[in-house]
1. Given that compact globular proteins tend to follow 2.2 N^0.38 Å, what is the ratio of the alpha-carbon Rg of the protein assembly as shown to that value?
2. Mean residue ellipticity at 222 nm from the helices of chain B, using -39,500 (n - 2.57) per DSSP H segment of n ≥ 4 over the full residue count, to the nearest 500 deg cm²/dmol?
3. Is it possible to state the helix-based mean residue ellipticity at 222 nm for chain A, with each DSSP H run of 4+ residues giving -39500 (n - 2.57), the sum divided by total residues, to the nearest 500 deg cm²/dmol? What is it?
4. Counting other C-beta atoms within 10 Å, which of C:E60, A:E268, B:E146 has the fewest, and how do the rest follow?
5. Would you kindly calculate the translational diffusion coefficient of the stretch B:6-144, applying Stokes-Einstein with the Kirkwood radius from alpha carbon pairs, for 20 °C and a viscosity of 1.002 mPa s, and quote it in µm² s⁻¹ without decimals?
6. Normalised by the number of residues in chain C, what is the relative contact order in percent for Cα pairs under 8 Å and 6+ residues apart?
7. Out of the stretch A:160-244, which trypsin sites (Lys or Arg not before Pro) are coil in DSSP terms and have no more than 15 other C-beta atoms within 10 Å?
8. If each DSSP helix of 4+ residues adds -39,500 (n - 2.57) and the sum is divided by the residues in chain C, what number results at 222 nm, nearest 500 deg cm²/dmol?
Amino acid sequence: MWSFPLLPESASTIADKIDALFYFLVAVSLFFSLVITIGLVFSAARYRKGSPASRKGALNDYLPLELAWSLIPLTIALFIFGWSAKLYLDMRVPPANAMEVYVVGKQWMWKIQHPEGNREINELHIPVGRPIKLIMTSQDVIHSFYIPAFRVKQDVLPGRYTTQWFEATKPGEYHLFCAEYCGTSHSGMIGKVIALEPAEYEQWLMGTSRTGVAMASSGAELFDRYGCRTCHRQDTGPRGPALDGLWGKAVKLATGQTVIADQEYIRESILNPAAKTVAGYQQLMPSYRNQLTHEQVNQLIEYIRTLPPVRGQ
Amino acid sequence: MAHNPESTAAHAHHFVDMEQQRETSTLGMWAFLVTEIMFFGGLFVSYALYRSMYPEAFGAASLRLNLVLGAINTGVLICSSLTMVLAVRSAQLGHVKALVRYLLATIVLGSTFLVIKAFEYTHKFHEHLIPGTSFRFGGPHEQHAEIFFSLYFMMTGLHALHMIIGIGVLLVLLYQSWKGRFSAEYYSPIDVAGLYWHFVDIVWIYLFPLLYLISRD
Amino acid sequence: MGKTEHHAVVDVENDYIHAGYGLKSWLLTVDHKRIAILYLISITLFFFVGGFFAFLLRLELMTPQGDIVSAETYNKLFTMHGVVMIFFFLIPSIPAVLGNFLVPLMIGAKDLAFPKLNLLSWYVYNLGGIFALYALVNGGVDTGWTFYTPYSSTYSLSNVVPVVIGAFILGFSSILTAVNFIATIHKMRAPGLTWFKLPLFIWASYATSIITILGTPVIAITLCLLLFERLMGVGIFDPALGGDPILFQHLFWFYSHPAVYIMIIPSMGVVSEVVTCFARKKIFGYKFMAFAIMAIAIFGFLVWGHHMFVSGQSVYAGYVFSALSFMVAIPSAIKVFNWTATLYKGNIEFRTPILYAFGFIGLFTIGGLTGLFLASLATDVHLTDTYFVVAHFHYIMVGGAVMGYLAGIHYWWPKMTGRMYNEAWAKFSALILFIGFNLTFFPQFVLGYLGMPRRYYIYPDEFQVLNVLSTAGSTILGLGYIIPMVYLLWSLRKEKNVGANPWGATGLEWTTQSPPTTHNFETIPVVTSEPYVYHQEVKSGA
């Protein structure tokens, strides 16, 4: 127990960049703390009551000085803001080629679904050197998916998806914490992120967590089982919009707005169909909120995104 | 509100003069009304958010409100504001009898509003529109209509609570006016109560269109 | 000021403490000074309740595994620690005790504008306290003081309702005090006491009151909605029923961020008074100081979203809130620099209050600077919801607000009681507090950077050493809070002999006898000079 770290591990592409900003902030803080401390100690010692030091020229205000110590901190603050904002944008916008993994949080565990069909609990296996995008939701309260070694964290909300991305640089095991208080066993909602060399990762995919059925295939099976096909086919006419080639397209709604068909839209349309009715259709679909698990919704989404556009469209 | 028991004509001990006491009471009430605006503001923000999220549900739910009763109530409240202004004016002029008359009229109008509101609430109860386990709306918007009605009852309920408090204050003032406590020199409790009363009316002026009128052409 | 000194002879029969005898004369008093004493007793009680919870938390965190209490109890302890300390101690502390006592005295008024409302506010405070204590003995509440939905509205099985009602009621007590201060400061200043002759403590109380009347009603209505949702089972904030949990966070922080300024601005006011008094020099940059207070109050309302950088709000919202949060740092920096400049070429007397004020400046500086790490978007992602945040806000709210409160209590104690405490003990406890505080909370910055999340009952082994340090510090800190209780109470046995102005301070409150009479001033003073004329020879700069 007496060997303990004072610096966190740094194992993602963004971690070192954040640390650089962090240390810059430490330097700024040290500088200003020193200035204040020296100013206080010097004045307090030299101008203690009864000391012989001259008090000539004592000032009650001096505008240039006050402007200086308003504007210099302002400049530094704006510089930090700019630096930080740039980094933040990088952290929030995932690269287009990111590998997607689904995360469902619940009191008090993390459930992970890989597109290949592999599933894990409180563990997340990832390959190093490849951007990973997590698509996360919660089935109860708010959680937060936090990997300190990667310097990333994102709240996981019920009722919608949030995303975050990172790219691991070093193989190893890293802490995974829930960072948003979620009830009795909040501090037990922890796990491991295991970063593997790509080859090892491929091996792991074929290993014990393998289900053999990709998420999209499970989704196809659900699509049949719940009778989605009855209305969402090319030839079902006015009953429901066809879903072929839907992914990523703009959808015109009855209200006149348009939305992009992404995970969030499809999820909402399954669980709460009345929220966004497609233009030209009547709102007939019932909610599947109580019939599908969050994992099943994820599988359906993966299936719908694989549906190719029908030729001639 | 600062009504000071010993001051039929004299100001309270910690004020320099009557003028300072009156100005201070008025400013205190304005500060309190700022608080009230922020209090209702939280509800208006919630309303704005959910209406933008669920415009269709809010439209459908709004149609279930009784427009006629709502409109009558709006009229009743506007009249009560008028009688309140007249009460303040009478107090300023030292017309005690008129003051008593107008305060009474304001109280009657305020109570009328509450009685009509009570009818509306009872009606909603019979229609199963009270949020909670017995809520029934039907159709695809069931869940989001419940949010509308939650906000409806919060907003109008809070408004009604303010009306009840206002009527309570006016009853006290009515009694004191009857006893001849107020004069052209000392009427600041009436003045301050008037500010409060107008504020409560103005809240309704916003509530009425937002709740009753949003989906009527 | 100082032109109207009375040098009243202390007359034991006529001060406010002897204005009436028996419990009833206190419980039905409308004298702002007596109400201040009532508040002092109430909030001290709550402070030690909250502090006891904190001590249990630190004990539990000595080891990585759970040993003293269960996870459930631990969660209730940190929730009640937060609720008690924030709502029942920090928010009312300086305004309700020192503000109540001093606002009329400092502006030359005989009382606050609405004395009965003032008394009512104390009763409302205690009514809120009863609800909170009821929840406590009935099994506690485990939502965290932030009451985040949907955990608080749907999932928590603990006493959310009474605690929320308690916090709701408490809000009205703050509002009543704030309305009182605003009306009093606007309309009841002594003749000649213009805005720019006001002591900075009055500016601070005014700014705090403005924040209170604008912010408190929003948390009140938010808690109403939460109660409605929890009792009726409708989905205002629960997404399973169509609600939006993020709306709760927005409404909650719209108040609760400015609430931080409700806690810290009054302390800044106290420190300004103390520094200028014991430096024997007019405060440096008086107008900048006054404007800085108002700027903090205003900007404070525009930055609530920085609590939500990882909550899923848009990148652009993050940009706006981050940029505005950096703006708040500027007036705070101005204040720290100006206090330091006040000491330069002063004639500094090291009495107890200024030692606490030094403690405030040092700890507030660290708290403020670490705020930059959290205002900065990219670093906040890593640091938010870790011990870094815990350390940061304790530096602001304990290192800052509580140190300032103690500086004020020590400064005005002779005025409130007519007695002087033992300064050797007082200086010793200031030192103990400073050391204990840093030992408790500095390791938490490192813990946070390492990634230890807050509100964790059990934690990985590698965090233990720093946690042990923190716990050790907390025992010293706890001692540091008990010592002042003892010597301050002990001082009450002494003779009332401090005279009207033991520190040789300027300000109207020092022109009247200690303790003052019920009506404060026999004749209303007339003010002709600037504030803080400690050193007549000083020349004004450019």
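1. 1.01
2. Numbers: 6 runs with 160 residues, N = 217.
After summing the helix terms and dividing by the residues of chain B, the value is -26500 deg cm²/dmol.
3. -11000 deg cm²/dmol
4. On the way: C:E60 23, A:E268 17, B:E146 27.
Ascending number of Cβ neighbours within 10 Å: A:E268, C:E60, B:E146.
5. 112 µm²/s
6. Across chain C, relative contact order equals 21 percent.
7. Working: sites: A:R160, A:K192, A:R210, A:R225, A:R229, A:R233, A:R239; in loops: A:R160, A:R210, A:R233.
The qualifying sites are A:R210, A:R233.
8. -21000 deg cm²/dmol
Each value in this text was obtained by applying a stated rule to the coordinates, not by laboratory testing. The structure presented is a predicted model; accordingly, all values stated were derived computationally and were not measured. Quick reminder, even Gly has a Cβ in these numbers, built from the backbone with ideal geometry, and neighbours come from all protein chains shown.
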